[in-house]
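Asker: Okay, handing you the structure first.
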């Protein structure tokens, strides 16, 4: 099932539930019922519940969006650091230079062709990618510069490898869900409560009231779906891609 179909079904289901409850509740109300008897305090409490939930939902959306943006920056940082390693290795002798570049290409090729799929499916990075990056680190750190020119390139190369390793670690941390289960419980329970309190206002079966109730419930469902879609930066909907690796290493 595609995510857009899931979103459509979720919004339709939320609208259907709210409208069905409204219609069934209306049928059980006697003719002598007066909707103007709703206390003002209930209207105030309903408004406050909606405001509080809107703030919480807005913070959740901002949090997952920031996490997704950070994941994109992490991928760019990792790819750029590896590209710098390949470029700065030009200062080394040909055998050393070619070995470093070959190991960098092997790592990038593995990330793009195999590791990314595993990360999307399992929410974690396989050990083999870490081993390949460790091999790049060994190529850089085990070489002893033989001239001042090589010595000037040694520390920047070490720093770039460390930056790539740090970015890989950050990518591993962002591979799974970013919101704790307790937060999801609060979002779902808060959405149910927010939709539920609108029934305290004695909604009638007029077209305008039914339309607003349906649209409100559909909006809550859409925003929750948006949080869920952004919650996993590498595996759902609009994801952070391996585009920076392809841009900087087109030959792999």
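The values are calculated or read from the model by the stated rules, or taken from the named source; none is laboratory data. Everything numeric in this text was worked out from a predicted model, so none of it was measured. Note that we place each Cβ from the backbone using ideal geometry, even for glycine, and neighbour counts take in every protein chain shown.
So that you can scan it fast, the table gives a plain yes or no per residue for (1) out of contact with any helix residue (DSSP H, G or I) (no Cβ under 8 Å at 6 or more places or on another chain); (2) more than 18 Å from residue 48 (Cβ to Cβ); (3) at pLDDT below 75:
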{"residue": "182", "(1), (2), (3)": "yes, yes, no"}
{"residue": "186", "(1), (2), (3)": "no, no, no"}
{"residue": "189", "(1), (2), (3)": "yes, no, no"}
{"residue": "193", "(1), (2), (3)": "no, no, no"}
{"residue": "199", "(1), (2), (3)": "no, no, yes"}
{"residue": "205", "(1), (2), (3)": "no, yes, yes"}
{"residue": "212", "(1), (2), (3)": "yes, yes, no"}
{"residue": "217", "(1), (2), (3)": "no, yes, no"}
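Asker: Which condition from (1) in contact (Cβ under 8 Å) with a residue 24 or more places away in the chain; (2) more than 29 Å from the chain's Cα centre (by Cα); (3) surrounded by fewer than 15 Cβ atoms within 10 Å (Cβ to Cβ) is the one that residue 91 breaks?
Answerer: Residue 91 satisfies all of (1) in contact (Cβ under 8 Å) with a residue 24 or more places away in the chain; (2) more than 29 Å from the chain's Cα centre (by Cα); (3) surrounded by fewer than 15 Cβ atoms within 10 Å (Cβ to Cβ) except (3).
Asker: Right, another one. Condition check: in a helix (DSSP H, G or I) and over 30 Å from residue 149 (Cβ atoms). Does residue 108 satisfy that?
Answerer: When the stated conditions are applied, residue 108 does not pass them.
Asker: Something else: Quick test for you: out of 125, 132, pick the one residue that is in contact (Cβ under 8 Å) with a residue 12 or more places away in the chain, buried (at least 16 other Cβ atoms within 10 Å of the Cβ) and more than 18 Å from residue 86 (Cα to Cα).
Answerer: None of the others qualify; the one that does is 125.
Asker: Looking only at region 53-69, which residues are surrounded by fewer than 17 Cβ atoms within 10 Å (Cβ to Cβ) and touching a residue at least 40 places away in the same chain (Cβ under 8 Å)?
Answerer: 56, 61, 63, 65
Asker: I'd like to know if region 171-192 contains one or more residues that are under 27 Å from residue 250 (Cβ atoms) and either in contact with a strand residue (DSSP E or B) (Cβ under 6 Å, 6 or more places away or on another chain) or assigned to a helix (DSSP H, G or I) (or both).
Answerer: Yes, some residue in region 171-192 is under 27 Å from residue 250 (Cβ atoms) and either in contact with a strand residue (DSSP E or B) (Cβ under 6 Å, 6 or more places away or on another chain) or assigned to a helix (DSSP H, G or I) (or both).
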